[in-house]
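Notes for the one structure printed next.
The values are calculated or read from the model by the stated rules, or taken from the named source; none is laboratory data. This one's a predicted model, so the numbers in the text were calculated from it and none came from an experiment. Using ideal geometry, Cβ is built from the backbone for each residue, glycine included, and neighbour counts are taken over all protein chains shown.
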Ligand SMILES: NC(=O)C1=CN([C@@H]2O[C@H](COP(=O)(O)OP(=O)(O)OC[C@H]3O[C@@H](n4cnc5c(N)ncnc54)[C@H](OP(=O)(O)O)[C@@H]3O)[C@@H](O)[C@H]2O)C=CC1
Ligand SMILES: O=C(CO)COP(=O)(O)O
(Lines give C-alpha, C1' and ligand atoms only; values in the text may rest on other atoms or scores of the structure.)
(Ligands and ions follow the chains in the order given, each with its own letter.)
Protein backbone atom coordinates (compact mmCIF):
# COMPACT_ATOMS: atom_id res chain seq x y z
CA UNK A 1 0.00 0.00 0.00
CA UNK A 2 1.20 3.54 -0.77
CA UNK A 3 0.06 6.47 1.35
CA UNK A 4 0.01 9.95 -0.25
CA UNK A 5 -0.80 13.03 1.86
CA UNK A 6 -1.98 16.04 -0.10
CA UNK A 7 -4.66 15.68 -2.78
CA UNK A 8 -3.62 18.58 -4.99
CA UNK A 9 -2.51 18.22 -8.59
CA UNK A 10 0.75 16.43 -7.78
CA UNK A 11 -0.54 14.10 -5.05
CA UNK A 12 -3.44 13.06 -7.26
CA UNK A 13 -1.21 12.51 -10.31
CA UNK A 14 1.18 10.35 -8.27
CA UNK A 15 -1.78 8.35 -6.94
CA UNK A 16 -3.01 7.74 -10.49
CA UNK A 17 0.31 6.37 -11.74
CA UNK A 18 1.18 4.46 -8.53
CA UNK A 19 -2.21 2.71 -8.58
CA UNK A 20 -0.64 0.55 -11.31
CA UNK A 21 1.63 -0.95 -8.60
CA UNK A 22 -1.04 -1.67 -5.95
CA UNK A 23 -3.55 0.01 -3.63
CA UNK A 24 -3.05 3.72 -2.91
CA UNK A 25 -4.52 5.74 -0.05
CA UNK A 26 -4.79 9.44 -0.90
CA UNK A 27 -5.26 11.73 2.12
CA UNK A 28 -6.95 15.14 1.64
CA UNK A 29 -7.05 17.74 4.42
CA UNK A 30 -10.63 18.71 3.55
CA UNK A 31 -13.09 15.92 4.50
CA UNK A 32 -15.74 17.16 2.09
CA UNK A 33 -13.26 17.17 -0.79
CA UNK A 34 -12.09 13.65 0.12
CA UNK A 35 -15.67 12.33 0.18
CA UNK A 36 -16.46 14.01 -3.12
CA UNK A 37 -13.36 12.54 -4.81
CA UNK A 38 -14.05 9.09 -3.39
CA UNK A 39 -17.62 9.17 -4.72
CA UNK A 40 -17.11 10.92 -8.08
CA UNK A 41 -13.75 9.21 -8.85
CA UNK A 42 -12.20 12.46 -10.04
CA UNK A 43 -10.32 15.42 -8.49
CA UNK A 44 -12.61 18.11 -9.89
CA UNK A 45 -10.53 20.92 -8.31
CA UNK A 46 -7.11 20.08 -9.77
CA UNK A 47 -7.25 17.36 -12.47
CA UNK A 48 -10.88 17.45 -13.58
CA UNK A 49 -10.53 15.26 -16.68
CA UNK A 50 -8.43 12.43 -15.17
CA UNK A 51 -10.43 9.47 -13.79
CA UNK A 52 -9.19 7.96 -10.51
CA UNK A 53 -8.40 4.26 -10.93
CA UNK A 54 -10.26 1.78 -8.69
CA UNK A 55 -7.17 1.10 -6.57
CA UNK A 56 -7.23 4.63 -5.06
CA UNK A 57 -9.08 5.24 -1.79
CA UNK A 58 -9.45 8.89 -0.78
CA UNK A 59 -9.56 9.57 2.96
CA UNK A 60 -9.38 12.49 5.40
CA UNK A 61 -8.90 12.90 9.18
CA UNK A 62 -6.57 10.55 11.10
CA UNK A 63 -3.71 9.08 9.08
CA UNK A 64 -3.35 5.27 8.91
CA UNK A 65 -0.77 3.87 11.38
CA UNK A 66 2.04 1.57 10.26
CA UNK A 67 5.43 1.58 8.60
CA UNK A 68 4.30 1.99 5.01
CA UNK A 69 6.12 4.85 3.20
CA UNK A 70 4.25 8.13 3.08
CA UNK A 71 4.53 10.66 0.23
CA UNK A 72 4.10 14.30 1.30
CA UNK A 73 2.57 16.26 -1.60
CA UNK A 74 1.53 19.57 -0.12
CA UNK A 75 2.99 23.07 -0.69
CA UNK A 76 6.36 23.68 0.99
CA UNK A 77 5.20 26.42 3.34
CA UNK A 78 2.51 24.08 4.78
CA UNK A 79 4.80 21.05 5.28
CA UNK A 80 6.07 22.07 8.75
CA UNK A 81 2.54 22.51 10.11
CA UNK A 82 1.44 19.19 8.62
CA UNK A 83 4.40 17.30 10.11
CA UNK A 84 3.86 18.88 13.53
CA UNK A 85 0.17 17.98 13.50
CA UNK A 86 0.73 14.36 12.42
CA UNK A 87 4.20 13.44 13.73
CA UNK A 88 2.83 10.81 16.14
CA UNK A 89 1.17 8.81 13.36
CA UNK A 90 3.92 9.43 10.83
CA UNK A 91 6.26 7.58 13.20
CA UNK A 92 9.37 5.77 11.99
CA UNK A 93 8.48 5.20 8.36
CA UNK A 94 10.13 6.61 5.22
CA UNK A 95 8.68 10.06 4.54
CA UNK A 96 9.11 11.08 0.91
CA UNK A 97 8.78 14.83 0.36
CA UNK A 98 7.23 15.66 -3.00
CA UNK A 99 7.31 19.43 -2.50
CA UNK A 100 9.83 21.93 -3.86
CA UNK A 101 11.04 24.87 -1.85
CA UNK A 102 12.68 26.23 1.27
CA UNK A 103 10.73 26.84 4.47
CA UNK A 104 10.58 30.58 5.23
CA UNK A 105 10.23 30.08 8.97
CA UNK A 106 13.28 27.84 9.45
CA UNK A 107 15.35 28.13 6.25
CA UNK A 108 15.20 24.33 5.96
CA UNK A 109 14.36 22.25 2.89
CA UNK A 110 11.78 19.43 3.01
CA UNK A 111 14.14 16.68 4.22
CA UNK A 112 15.59 18.99 6.88
CA UNK A 113 12.08 19.79 8.12
CA UNK A 114 11.22 16.08 8.24
CA UNK A 115 14.38 15.32 10.23
CA UNK A 116 13.67 18.17 12.63
CA UNK A 117 9.99 17.32 13.24
CA UNK A 118 9.89 13.51 12.90
CA UNK A 119 13.22 12.39 14.32
CA UNK A 120 12.43 8.67 13.90
CA UNK A 121 11.40 8.92 10.25
CA UNK A 122 13.65 8.26 7.26
CA UNK A 123 13.60 11.43 5.09
CA UNK A 124 13.58 11.16 1.31
CA UNK A 125 12.60 13.37 -1.60
CA UNK A 126 11.02 12.74 -5.00
CA UNK A 127 11.74 15.61 -7.37
CA UNK A 128 12.57 16.50 -10.97
CA UNK A 129 10.98 17.67 -14.21
CA UNK A 130 7.33 16.60 -14.31
CA UNK A 131 4.00 18.31 -14.66
CA UNK A 132 1.27 16.60 -12.67
CA UNK A 133 -0.90 16.35 -15.76
CA UNK A 134 1.83 14.58 -17.76
CA UNK A 135 2.28 12.00 -15.01
CA UNK A 136 -1.46 11.46 -14.67
CA UNK A 137 -1.85 11.03 -18.43
CA UNK A 138 0.85 8.35 -18.39
CA UNK A 139 3.30 10.36 -20.50
CA UNK A 140 6.96 9.26 -20.07
CA UNK A 141 8.59 11.01 -17.10
CA UNK A 142 11.90 10.65 -15.21
CA UNK A 143 12.47 11.86 -11.63
CA UNK A 144 15.13 11.71 -8.92
CA UNK A 145 14.53 9.78 -5.70
CA UNK A 146 16.98 10.96 -3.02
CA UNK A 147 17.46 9.22 0.34
CA UNK A 148 20.59 9.35 2.50
CA UNK A 149 19.92 5.73 3.52
CA UNK A 150 20.93 3.88 0.35
CA UNK A 151 19.07 0.67 1.22
CA UNK A 152 15.78 2.45 1.89
CA UNK A 153 16.39 4.58 -1.21
CA UNK A 154 16.69 1.46 -3.37
CA UNK A 155 13.44 0.07 -1.96
CA UNK A 156 11.63 3.35 -2.56
CA UNK A 157 13.01 3.58 -6.09
CA UNK A 158 11.61 0.13 -6.90
CA UNK A 159 8.21 0.69 -5.30
CA UNK A 160 7.62 4.17 -6.78
CA UNK A 161 8.69 3.35 -10.34
CA UNK A 162 5.80 2.68 -12.73
CA UNK A 163 5.74 1.70 -16.43
CA UNK A 164 5.77 5.42 -17.40
CA UNK A 165 7.54 6.98 -14.39
CA UNK A 166 11.26 6.12 -14.26
CA UNK A 167 13.18 6.99 -11.08
CA UNK A 168 16.92 7.59 -10.75
CA UNK A 169 18.44 7.23 -7.27
CA UNK A 170 20.90 9.33 -5.26
CA UNK A 171 21.89 9.68 -1.61
CA UNK A 172 22.38 13.45 -2.02
CA UNK A 173 19.12 14.74 -0.49
CA UNK A 174 20.50 18.29 -0.12
CA UNK A 175 21.41 18.58 -3.80
CA UNK A 176 18.10 17.10 -4.94
CA UNK A 177 15.94 19.35 -2.78
CA UNK A 178 17.94 22.50 -3.58
CA UNK A 179 17.66 21.89 -7.34
CA UNK A 180 13.86 21.74 -7.08
CA UNK A 181 13.66 24.74 -4.77
CA UNK A 182 15.99 27.06 -6.67
CA UNK A 183 14.75 26.36 -10.20
CA UNK A 184 11.33 27.75 -9.27
CA UNK A 185 12.92 31.10 -8.36
CA UNK A 186 14.73 31.28 -11.69
CA UNK A 187 11.50 30.27 -13.51
CA UNK A 188 9.73 33.31 -12.06
CA UNK A 189 12.52 35.49 -13.45
CA UNK A 190 12.33 33.82 -16.88
CA UNK A 191 8.55 34.29 -16.97
CA UNK A 192 9.04 37.96 -16.09
CA UNK A 193 11.62 38.40 -18.88
CA UNK A 194 9.27 36.84 -21.43
CA UNK A 195 6.20 38.67 -20.09
CA UNK A 196 8.03 41.98 -20.39
CA UNK A 197 9.06 41.16 -23.98
CA UNK A 198 12.81 41.19 -23.26
CA UNK A 199 13.43 38.23 -25.57
CA UNK A 200 14.63 34.63 -25.59
CA UNK A 201 18.32 35.61 -25.50
CA UNK A 202 17.73 37.36 -22.18
CA UNK A 203 15.91 34.28 -20.88
CA UNK A 204 18.82 32.00 -21.87
CA UNK A 205 21.23 34.34 -20.07
CA UNK A 206 19.07 34.36 -16.94
CA UNK A 207 18.74 30.57 -16.94
CA UNK A 208 22.50 30.15 -17.29
CA UNK A 209 23.52 32.73 -14.71
CA UNK A 210 20.73 31.43 -12.47
CA UNK A 211 22.13 27.92 -12.84
CA UNK A 212 25.56 29.24 -11.77
CA UNK A 213 23.91 30.64 -8.62
CA UNK A 214 22.14 27.32 -8.00
CA UNK A 215 25.56 25.63 -8.04
CA UNK A 216 27.15 28.27 -5.79
CA UNK A 217 24.38 28.07 -3.20
CA UNK A 218 24.07 24.27 -3.27
CA UNK A 219 27.85 23.83 -2.99
CA UNK A 220 27.88 26.07 0.10
CA UNK A 221 25.19 23.89 1.67
CA UNK A 222 27.09 20.66 1.01
CA UNK A 223 25.40 19.37 -2.18
CA UNK A 224 27.26 17.32 -4.80
CA UNK A 225 27.73 19.27 -8.08
CA UNK A 226 26.62 16.25 -10.16
CA UNK A 227 23.20 16.32 -8.54
CA UNK A 228 22.59 19.88 -9.73
CA UNK A 229 23.46 18.79 -13.27
CA UNK A 230 20.84 16.03 -13.13
CA UNK A 231 17.06 15.76 -13.38
CA UNK A 232 16.35 17.53 -10.09
CA UNK A 233 18.49 20.56 -11.04
CA UNK A 234 19.25 21.21 -14.70
CA UNK A 235 16.35 19.02 -15.90
CA UNK A 236 13.71 20.81 -13.87
CA UNK A 237 15.25 24.23 -14.57
CA UNK A 238 14.85 23.66 -18.32
CA UNK A 239 11.25 22.46 -18.00
CA UNK A 240 10.04 25.17 -15.65
CA UNK A 241 11.79 28.10 -17.34
CA UNK A 242 10.43 27.27 -20.79
CA UNK A 243 6.85 26.06 -20.30
CA UNK A 244 3.59 27.93 -19.94
CA UNK A 245 2.35 24.88 -17.99
CA UNK A 246 4.49 26.04 -15.07
CA UNK A 247 2.72 28.15 -12.44
CA UNK A 248 6.01 29.80 -11.40
CA UNK A 249 6.70 30.77 -15.01
CA UNK A 250 3.15 32.06 -15.53
CA UNK A 251 3.34 34.08 -12.30
CA UNK A 252 6.57 35.63 -13.61
CA UNK A 253 4.88 36.41 -16.93
CA UNK A 254 2.14 38.28 -15.08
CA UNK A 255 4.79 40.30 -13.20
CA UNK A 256 6.46 41.12 -16.52
CA UNK A 257 3.17 42.24 -18.05
CA UNK A 258 2.11 44.17 -14.96
CA UNK A 259 -1.00 42.00 -14.61
CA UNK A 260 -2.65 40.54 -11.49
CA UNK A 261 -2.19 36.83 -10.70
CA UNK A 262 -4.63 34.46 -8.94
CA UNK A 263 -3.45 34.33 -5.30
CA UNK A 264 -4.97 30.84 -4.86
CA UNK A 265 -2.48 29.23 -7.26
CA UNK A 266 0.52 27.45 -5.71
CA UNK A 267 3.68 29.41 -6.68
CA UNK A 268 6.48 27.86 -4.63
CA UNK A 269 9.24 30.15 -5.95
CA UNK A 270 7.78 33.31 -4.41
CA UNK A 271 8.33 32.40 -0.74
CA UNK A 272 11.41 30.34 -1.57
CA UNK A 273 13.12 33.35 -3.22
CA UNK A 274 12.92 35.23 0.10
CA UNK A 275 14.11 32.21 2.10
CA UNK A 276 17.06 31.59 -0.26
CA UNK A 277 18.12 35.25 -0.30
CA UNK A 278 18.09 35.38 3.52
CA UNK A 279 20.22 32.22 3.68
CA UNK A 280 22.60 33.49 0.98
CA UNK A 281 23.12 36.74 2.87
CA UNK A 282 23.84 34.82 6.08
CA UNK A 283 26.43 32.76 4.17
CA UNK A 284 27.84 35.88 2.43
CA UNK A 285 27.14 34.41 -1.03
CA UNK A 286 26.84 36.60 -4.14
CA UNK A 287 23.38 35.84 -5.62
CA UNK A 288 22.46 38.79 -7.88
CA UNK A 289 19.85 36.90 -9.95
CA UNK A 290 18.05 35.67 -6.82
CA UNK A 291 18.29 39.17 -5.37
CA UNK A 292 16.71 40.73 -8.48
CA UNK A 293 13.90 38.13 -8.64
CA UNK A 294 13.16 38.51 -4.93
CA UNK A 295 12.88 42.27 -5.40
CA UNK A 296 10.39 41.66 -8.24
CA UNK A 297 8.30 39.28 -6.12
CA UNK A 298 8.19 41.63 -3.14
CA UNK A 299 7.34 44.59 -5.40
CA UNK A 300 10.54 46.52 -4.59
CA UNK A 301 11.60 46.62 -8.27
CA UNK A 302 9.90 46.50 -11.67
CA UNK A 303 11.29 44.22 -14.39
CA UNK A 304 13.13 47.04 -16.19
CA UNK A 305 14.76 48.16 -12.92
CA UNK A 306 15.75 44.59 -12.00
CA UNK A 307 17.29 44.11 -15.46
CA UNK A 308 19.21 47.42 -15.20
CA UNK A 309 20.52 46.27 -11.84
CA UNK A 310 21.85 43.01 -13.35
CA UNK A 311 23.29 44.62 -16.50
CA UNK A 312 25.14 47.38 -14.63
CA UNK A 313 27.09 45.05 -12.36
CA UNK A 314 30.91 45.21 -12.65
CA UNK A 315 32.26 43.04 -15.50
CA UNK A 316 33.77 39.74 -14.38
CA UNK A 317 35.08 36.36 -15.55
CA UNK A 318 32.43 33.74 -16.32
N1 LIG B 1 1.68 20.37 -9.97
C2 LIG B 1 2.82 19.93 -10.48
O3 LIG B 1 2.95 19.79 -11.71
C4 LIG B 1 3.96 19.56 -9.57
C5 LIG B 1 4.00 19.96 -8.26
N6 LIG B 1 5.07 19.64 -7.48
C7 LIG B 1 5.15 20.11 -6.10
O8 LIG B 1 4.12 19.50 -5.33
C9 LIG B 1 3.80 20.35 -4.24
C10 LIG B 1 2.28 20.47 -4.19
O11 LIG B 1 1.89 21.11 -5.39
P12 LIG B 1 0.53 20.82 -6.13
O13 LIG B 1 -0.05 19.52 -5.78
O14 LIG B 1 0.75 21.11 -7.56
O15 LIG B 1 -0.35 21.99 -5.50
P16 LIG B 1 -1.89 22.23 -5.58
O17 LIG B 1 -2.09 23.69 -5.43
O18 LIG B 1 -2.48 21.56 -6.78
O19 LIG B 1 -2.48 21.47 -4.31
C20 LIG B 1 -1.99 21.68 -3.02
C21 LIG B 1 -2.62 20.65 -2.12
O22 LIG B 1 -2.08 20.78 -0.82
C23 LIG B 1 -3.16 20.83 0.09
N24 LIG B 1 -2.79 21.60 1.26
C25 LIG B 1 -2.69 22.94 1.36
N26 LIG B 1 -2.35 23.27 2.62
C27 LIG B 1 -2.23 22.11 3.30
C28 LIG B 1 -1.94 21.80 4.65
N29 LIG B 1 -1.70 22.76 5.55
N30 LIG B 1 -1.93 20.51 5.04
C31 LIG B 1 -2.19 19.55 4.15
N32 LIG B 1 -2.49 19.77 2.85
C33 LIG B 1 -2.51 21.05 2.45
C34 LIG B 1 -4.28 21.50 -0.68
O35 LIG B 1 -5.52 21.24 -0.06
P36 LIG B 1 -6.84 22.06 -0.48
O37 LIG B 1 -7.23 21.56 -1.84
O38 LIG B 1 -7.79 21.71 0.59
O39 LIG B 1 -6.44 23.51 -0.50
C40 LIG B 1 -4.13 20.81 -2.03
O41 LIG B 1 -4.72 19.55 -2.01
C42 LIG B 1 4.51 21.70 -4.51
O43 LIG B 1 5.64 21.81 -3.69
C44 LIG B 1 4.92 21.60 -5.97
O45 LIG B 1 6.11 22.33 -6.24
C46 LIG B 1 6.10 18.90 -7.95
C47 LIG B 1 6.10 18.47 -9.24
C48 LIG B 1 5.03 18.76 -10.17
O1 LIG C 1 7.74 21.49 -10.50
C2 LIG C 1 7.12 21.50 -11.53
C3 LIG C 1 7.63 20.87 -12.77
O4 LIG C 1 8.69 20.00 -12.51
C5 LIG C 1 5.84 22.23 -11.61
O6 LIG C 1 6.12 23.55 -11.79
P7 LIG C 1 5.16 24.69 -11.25
O8 LIG C 1 5.01 24.49 -9.76
O9 LIG C 1 5.83 25.94 -11.63
O10 LIG C 1 3.83 24.51 -11.96
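Quick look at the values:
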| item | result |
| --- | --- |
| Residues satisfying the stated conditions in region 183-206, i.e. farther than 15 Å from residue 301 by Cβ and surrounded by fewer than 24 Cβ atoms within 10 Å (Cβ to Cβ) | 194, 197, 199, 200, 201, 202, 203, 204, 205 |
| Search result, residues across region 90-111 that are closer than 25 Å to residue 169 by Cα, out of contact with any strand residue (DSSP E or B) (no Cβ under 7 Å at 6 or more places or on another chain) and without any contact (Cβ under 8 Å) to a residue 60 or more places away in the chain | 91, 92, 108 |
| Residue 107 being more than 13 Å from ligand 1 (Cβ to nearest atom), within 17 Å of the chain's Cα centre (by Cα) and exposed (fewer than 15 other Cβ atoms within 10 Å of the Cβ) | yes |
| Some residue of region 70-89 being part of a loop (DSSP other than H, G, I, E, B) and either out of contact with any helix residue (DSSP H, G or I) (no Cβ under 9 Å at 6 or more places or on another chain) or under 18 Å from residue 174 (Cβ atoms) (or both) | no |
| Condition met for residue 62 (in the same structural domain as residue 132 (by the TED database), under 23 Å from residue 85 (Cα atoms) and assigned to a strand (DSSP E or B)) | no |
| Residues that are touching a residue at least 24 places away in the same chain (Cβ under 8 Å), part of a strand (DSSP E or B) and under 20 Å from residue 137 (Cβ atoms), drawn from region 34-57 | 43, 47, 50, 56 |
| Search result, residues across region 72-103 that are farther than 21 Å from residue 265 by Cα and within 16 Å of ligand 2 (Cβ to nearest atom) | 96 |
| Residues within region 244-286 that are assigned to a loop (DSSP other than H, G, I, E, B), touching a residue at least 24 places away in the same chain (Cβ under 8 Å) and near ligand 2 (Cβ under 9 Å from one of its atoms), tallied | 4 |
| Residue within region 22-41 that is at pLDDT 95 or above, closer than 14 Å to residue 159 by Cα, more than 23 Å from the chain's Cα centre (by Cα) and in the same structural domain as residue 136 (by the TED database) present | yes |
